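Comments concern the structure below.
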Amino acid sequence: MARKDKTVDLDRERGIAPGLVAKTKKRLVVAAGRSHLDLAQDVARALGTELVPTEYRTFASGEILTRFEVSIRGCDVFLIQSFGPPVNEWLMELLIMLDAAKRASAKRITVVAPYYPYSRQDKKGRGREPISARLVADLLRTAGADRVMSVDLHAAQIQGFFDGPVDHLFAKPVLLEHFKNTLSAEDRALLTVVSPDTGRVRVADQWSDSLGAPLAIIHKRRDPNVANQVTVNEIVGHVSGRVCLLVDDMIDTGGTIVKAAQALKESGARRVIVAATHAVFSDPAVERLQDASIDEVVVTDTIPLPEEKRFDALTVLPIAPLLARAIHEVFEDGSVTSMFDGAA
């Protein structure tokens, strides 16, 4: 028997099946793992809310337990977890939190991973290798994720690894605004955008269009059998006397960027500025990035960066406002694509 406070919908003229209509409202909640709580709190604050109170435990055996301390039944949950070291521990914590949210009857769970783990293992370079980026996507889906949101994926094809919607955000508007506000008129007139390798040419070309600056490309060779070893072969484009802006998605050990900067300075570049989204900064990146060939490094805070990995020439820009806007668009069934002029 139907309850009195609900209405039976018998709209057969439009072919709608009989059913009960309840006056329910969507509820956005933001939860987070422990990997980058400062960023998660900034996102929640930008949305005008707070993080879901959560209990975290790591037992003596190394096992992890998480528990939401309040009800999230029927909520639209955005679960934020970034992936600085230790990557595998934070990945396991995320999977456990997904399982907890699913079993707590969350209506929809969106994983917000500003830096997608294992993103560089997106294809087989040699026989008998894994495609770990796909494995991560499968794990997220199996654990309970309905949607994934990330910033500047190492390869766009990773979007196709997840069996569900993927919101691929770009840090370019954040970085671009910084350079428009800080570069002098003289620097802007001498600016050349440089791609550190052929794989980033498309991104560098978009930067070139946005800044109205010419493009240069560095051709490098990497030995597939030796990790983090790069050899710069030649520079395509005019860089002598120019202010060179090197753009990349991430800086890990810094080998590629430093080799590129050195090659640019040897070719007569006036200044070299490095812009990257993800500051992985594995050792010895901090030491390398303070090389005389690099005048400035600008990154975002998609990955937590402790004080010991910061240096005078480093600028860290907040990514929380971008994430908060994207979360709001997803929650309100708006358009994430509109944030990037149709490019997302």
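Within straight-line reach of Lys265, meaning a Cα separation under 17 Å, sit the following aspartates and glutamates at least 8 residues removed in sequence or on another chain: Asp187, Asp197, Glu234, Asp291, Asp295, Glu296. How would you classify the range 35-147 from its alpha-carbon gyration tensor, with a ≥ b ≥ c the square roots of the eigenvalues: rounded for a/c under 1.5, else prolate if a/b is greater than b/c, otherwise oblate? Prolate is the answer for the range 35-147, as a/c is 1.5 or above and a/b outweighs b/c. Within the shell defined by Cβ-Cβ distances under 9 Å, the residues around Phe331 carry a net charge of -3, with Lys and Arg each +1 and Asp and Glu each -1.
The range 31-70 and the range 145-197 have Cα centres lying 27 Å from one another. Per residue, the convex hull spanned by the Cα atoms of the range 268-326 amounts to 93 cubic angstrom. Ordered by solvent-accessible area of protein heavy atoms (1.4 Å probe), largest first, the residues Trp207, Trp90 come out as Trp90, Trp207.
Secondary structure note: in the chain, about 25% of the DSSP beta bridges are antiparallel.
Per DSSP helix of 4 or more residues, -39500 (n - 2.57); summed, then divided by the residues of the chain. What does that give at 222 nm, rounded to the nearest 500?
It lands at -8500 deg cm²/dmol.
Note on the range 101-197: Rg/Rh from Cα positions, Kirkwood definition for Rh, rounded to two decimals, is 1.13. Each of Phe281, Phe59, Phe161 has its accessible area taken with a 1.4 Å probe; listed largest first, they run Phe59, Phe161, Phe281.
With only the Cα atoms considered, the range 54-97 has a convex hull volume of 74 Å³ per residue. Summary value for the chain: 12 percent relative contact order, contacts being C-alpha pairs under 8 angstrom separated by 6+ residues.
Of the peptides 179-189, 294-304, the ranking by mean beta-carbon count within 10 Å, highest at the top, reads 294-304, 179-189.
Quotient of the Cα radius of gyration of the chain and 2.2 N^0.38 Å, N being its number of residues: 1.13.
In the chain, the longest principal axis of the Cα atoms and the axis of helix 201-211 are about 90 degrees apart. Amide H contacts of Asp301: Leu317, Ile319, each under 5 Å away and 5 or more positions distant or on a separate chain (H built 1.01 Å from N in the peptide plane; Pro and chain starts excluded).
Pairs of Cα atoms nearer than 8 Å and 6+ residues apart set the relative contact order; for the range 83-136 it is 27 percent.
The values are calculated or read from the model by the stated rules, or taken from the named source; none is laboratory data. A quick note: this is a predicted structure, and the numbers were derived from the prediction, not measured. So basically every Cβ, Gly included, is an ideal-geometry build from the backbone, and we count neighbours across all protein chains shown. When the accessible area is computed, the model is the full protein with side chains, heavy atoms only, and any ligands, DNA or RNA have been set aside. Shrake-Rupley method; radii C 1.70, N 1.55, O 1.52, S 1.80 Å.
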